[in-house]
Amino acid sequence: MRRIELRTELPADAARAWHYLVDTAAWPDWDGLVQQASGRLAAGERWTIVLRAEGGKSPQTMRPKLLEVIEGRCLHFETVLGARGLKIGRAHV
């Protein structure tokens, strides 16, 4: 299985980084790929994330499902992205 890993380092302590991670409305302010994001922070919930369009393409919408939330530490979510079914989904602080 192939694995792609993306990292974003924030100049902040873990508590502040967690705040940025769970404040989905602010994602477009610090993540250049995200046009819009929303969702409730609870296992079983689905978020809506709209990725910015490039090169005349239409924006792409993802609907990740939160599988686990460990307050202040980790979001485990799953979504399928693209025609090949790329699964993505963990964010750690």
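The values are calculated or read from the model by the stated rules, or taken from the named source; none is laboratory data. Please read all numbers here as calculations on a predicted model, not as lab measurements. Note that each Cβ is placed from the backbone with ideal geometry, even for glycine, and that neighbours are counted across all protein chains shown. The protein model used for the area step is the full one, side chains on, heavy atoms only, and it has no ligands, DNA or RNA in it. Shrake-Rupley method; radii C 1.70, N 1.55, O 1.52, S 1.80 Å.
Output yes when any residue across the range 11-23 is part of a strand (DSSP E or B) and open to solvent by 80 Å² or more (accessible area, probe 1.4 Å), and no when none is. No; the residues of the range 11-23 include none that is part of a strand (DSSP E or B) and open to solvent by 80 Å² or more (accessible area, probe 1.4 Å).
For the range 42-63, the tally of residues that are touching a strand residue (DSSP E or B) at 6+ places or on another chain (Cβ under 6 Å) and open to solvent by less than 90 Å² (accessible area, probe 1.4 Å) stands at 10. Residue pairs whose Cβ atoms lie under 6 Å apart, sitting 6 or more positions apart in sequence or on different chains, and linking a residue in the range 69-89 that is under 14 Å from residue 47 (Cα atoms) to a partner that is small (Gly, Ala, Ser) and modelled with pLDDT of 85 or more, are 69/43. Total residues in the range 57-93 satisfying the condition of being more than 10 Å from the chain's Cα centre (by Cα) and at pLDDT below 80: the figure is 10.
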